[in-house]
Amino acid sequence: GQLPTWLQGILLRNGPGMHTIGDTKYNHWFDGLALLHSFTFKNGEVYYRSKYLRSDTYNCNVEANRIVVSEFGTMAYPDPCKNIFAKAFSYLSHTIPEFTDNCLINIMKTGDDFYATSETNFIRKINPQTLETLEKVDYSKYAAVNLATSHPHYDSAGNTLNMGTSIVDKGRTKYILFKIPPTVPEKEKKKSCLKHLEVVCSIPSRSLLHPSYYHSFGITENYIIFIEQPFRLDIVKLATAYMRGVNWSSCLSFHKEEKTWFHFVDKKTKKEVSTKFYTDAMVLFHHVNAYEEDGHIVFDLIAYADNSLYDMFYLKNLNKYLEENNKLTSTPTCKRFVVPLQHDKDAEVGSNLVTLPSTATAVKEKDGSIYCQPEILCEGLELPRINYDYNGKKYKYIFGTKVQWSPVPAKVVKFNIQTKEMLHWVEDHSWPSEPVFIPSPDAKEEDDGVVLTCVVMSDPKKAPFLLVLDAKTFKELGRATVNVEMHLDLHGMFIPEKDLKTETE
């Protein structure tokens with residue numbers, strides 16, 4: 001096929017790559033050692049490269065020729081890497097063990113720098129052109145966070161916004177929103193933007209010993225949206241996991257009888273909206289988008305009825321699911337919540353406060369709190385991406401993958417929220433990854449551009465490829481076949497040529 005001439009830059013992807021080291025194997029797909037791969041677009045041609053992230057975790061494991069650093073679903077014993085990884089296991093005053101720097105989930109940009117990220121307090125700087133691993137950065141040196149999301153947001157001023165959980169302060173567990181500026185003052189030219197990291201606000205956890213797990217958060221023009229779900233981490237269990245001989249994921253549990261709480265923080269005042277908004281128990285990993293309209297906050301997310309998705313990715317389960325065509329016990333559901341921030345304070349108890357045209361409701365309770373029920377937009381959509389120029393604004397399209405019977409996606413889809421029309425690309429034996437939308441330089445409409453996705457084949461005789469779709473029609477423009485084994489990955493980003501530093505810089 002033909003690629004648009006304006007498509008110049010690098011699609012950078014991240015995900016678990018190595019699951020066996022020596023005679024040892026990881027238990028969970030999300031534990032594998034991070035493998036970065038990239039597609040560079042230059043003058044209508046595509047160049048592929050891949051490289052393992054050379055984290056301390058990777059180096060220790062490879063040197064010992066076995067798994068010696070614990071991951072979320074795999075606890076490793078004993079740990080000869082103690083000199084690198086602090087001896088935090090041995091005394092409880094720290095509560096939190098030293099985590100891995102196997103940053104395998106996403107890529108984050110701050111200023112001119114790019115980092116591989118996961119959900120611990122460590123990120124690894126990388127060179128997006130050579131995929132070389134550079135310095136290791138510990139968030140906790142700049143803000144009191146022990147965990148952080150892999151889905152930051154970027155505002156119009158170029159700041160990177162992210163959220164982390166702070167468990168260090170005994171008895172004061174909280175969620176922290178922090179901001180990293182895109183540049184540093186002239187006199188500090190050589191320093192990292194992280195030195196100027198600023199804590200924007202903090203939200204106290206409803207439970208001191210059981211903070212909520214979260215994978216992403218939402219953002220509108222004036223608000224940050226944080227969802228405290230009843231899928232929670234048990235800090236006492238976490239602190240004793242190593243001694244009890246269990247993995248960290250066993251310290252996460254879903255409490256289906258509890259509520260899911262919505263928090264809205266005003267970006268200007270840095271204060272949380274005082275009205276309590278909640279919905280039924282759910283598990284969510286991905287926010288899609290959010291915006292404000294007529295005194296309401298509208299936000300879309302992908303929710304599950306339970307936490308079975310995580311269990312499916314244990315390697316022993318994953319193989320079974322793929323062989324037996326087992327049904328997902330909980331399908332991802334794209335839900336739209338409409339929250340009336342500016343509502344009539346004297347409204348009657350039991351009345352629906354939503355005045356926008358939507359089947360979503362927000363009902364006032366006796367105690368003044370507001371119970372929200374969503375509008376269901378569609379089912380089976382995961383790994384959602386949007387045209388990021390519309391982030392925090394009213395929008396029309398979601399690009400994602402369609403999950404049918406198994407946790408592994410089978411189609412790439414474009415969903416029109418307004419008409420509910422769904423376009424899809426599908427091919428036998430193919431497993432596409434998260435689609436990334438790139439707007440064309442002269443875009444007039446939200447879907448002017450292309451969608452890129454890496455496709456891995458379940459048939460070993462067929463080569464994997466990078467797929468380029470016209471985002472408007474969803475027709476294939478071209479594909480670049482890769483003659484090496486390619487892995488299913490998780491997330492990534494497209495870096496336009498103008499955002500890449502030249503080698504001399």
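Side notes on the structure shown:
- Across region 311-332, the qualifying residues are those that are modelled with pLDDT of 65 or more and assigned to a loop (DSSP other than H, G, I, E, B), and the one among them that is surrounded by the fewest Cβ atoms within 10 Å (Cβ to Cβ) is THR329.
- Members of region 239-264 that are within 22 Å of the chain's Cα centre (by Cα) and open to solvent by less than 30 Å² (accessible area, probe 1.4 Å): ASN247, TRP248, SER249, CYS251, LEU252, THR260, PHE262, HIS263, PHE264
- Filtered residues of region 22-40 (kept if surrounded by 18 or more Cβ atoms within 10 Å (Cβ to Cβ) and either without any contact (Cβ under 8 Å) to a residue 12 or more places away in the chain or not hydroxyl-bearing (Ser, Thr, Tyr) (or both)): ASN27, HIS28, TRP29, PHE30, ASP31, GLY32, LEU33, ALA34, LEU35, LEU36, HIS37, PHE39
- Condition check for LYS411: more than 24 Å from TYR278 (Cα to Cα) and without any contact (Cβ under 8 Å) to a residue 60 or more places away in the chain: yes
- Filtering region 267-280 for residues that are open to solvent by less than 30 Å² (accessible area, probe 1.4 Å), without any contact (Cβ under 8 Å) to a residue 60 or more places away in the chain, part of a strand (DSSP E or B) and among the β-branched types (Val, Ile, Thr) leaves an empty set.
- Contact map, region 338-356: residues that are in contact (Cβ under 8 Å) with a residue 12 or more places away in the chain and aliphatic (A, V, I, L, M) paired with residues that are part of a loop (DSSP other than H, G, I, E, B) and exposed (fewer than 11 other Cβ atoms within 10 Å of the Cβ), Cβ distance under 8 Å, separation 6+ or inter-chain. Pairs shown: VAL349/LYS366; LEU356/ASP294.
- Condition check for SER118: open to solvent by 50 Å² or more (accessible area, probe 1.4 Å), under 30 Å from GLY9 (Cβ atoms), modelled with pLDDT of 90 or more and not aromatic (Phe, Trp, Tyr): no
- Test: LYS501 is part of a loop (DSSP other than H, G, I, E, B), surrounded by fewer than 16 Cβ atoms within 10 Å (Cβ to Cβ) and touching a residue at least 40 places away in the same chain (Cβ under 8 Å): yes
- VAL408 falls short on exactly one of the conditions (1) in a strand (DSSP E or B); (2) under 22 Å from the mean Cα position of the chain (by Cα); (3) among the hydrophobic types (A, V, I, L, M, F, W, C), and that condition is (1).
- Subset tally (residues that are surrounded by fewer than 19 Cβ atoms within 10 Å (Cβ to Cβ), closer than 19 Å to ARG49 by Cα and within 25 Å of the chain's Cα centre (by Cα)) for region 438-478: 1
- Count - residues of region 361-390 that are surrounded by fewer than 19 Cβ atoms within 10 Å (Cβ to Cβ) and part of a loop (DSSP other than H, G, I, E, B): 5
- When residues of region 411-437 are limited to those that are among the polar types (S, T, N, Q) and not in a strand (DSSP E or B), the one nearest to the chain's Cα centre (by Cα): SER433
- Subset of region 41-60 [part of a strand (DSSP E or B) and open to solvent by 40 Å² or more (accessible area, probe 1.4 Å)]: LYS42, GLU45, VAL46, TYR47, TYR48, ARG49, SER50, LYS51, TYR52
The values are calculated or read from the model by the stated rules, or taken from the named source; none is laboratory data. Please read all numbers here as calculations on a predicted model, not as lab measurements. Virtual Cβ from ideal backbone geometry, glycine too; neighbours counted across all protein chains shown. Each accessible area value is taken on the protein alone, full model and side chains, heavy atoms only, with ligands, DNA and RNA left out. Shrake-Rupley method; radii C 1.70, N 1.55, O 1.52, S 1.80 Å.
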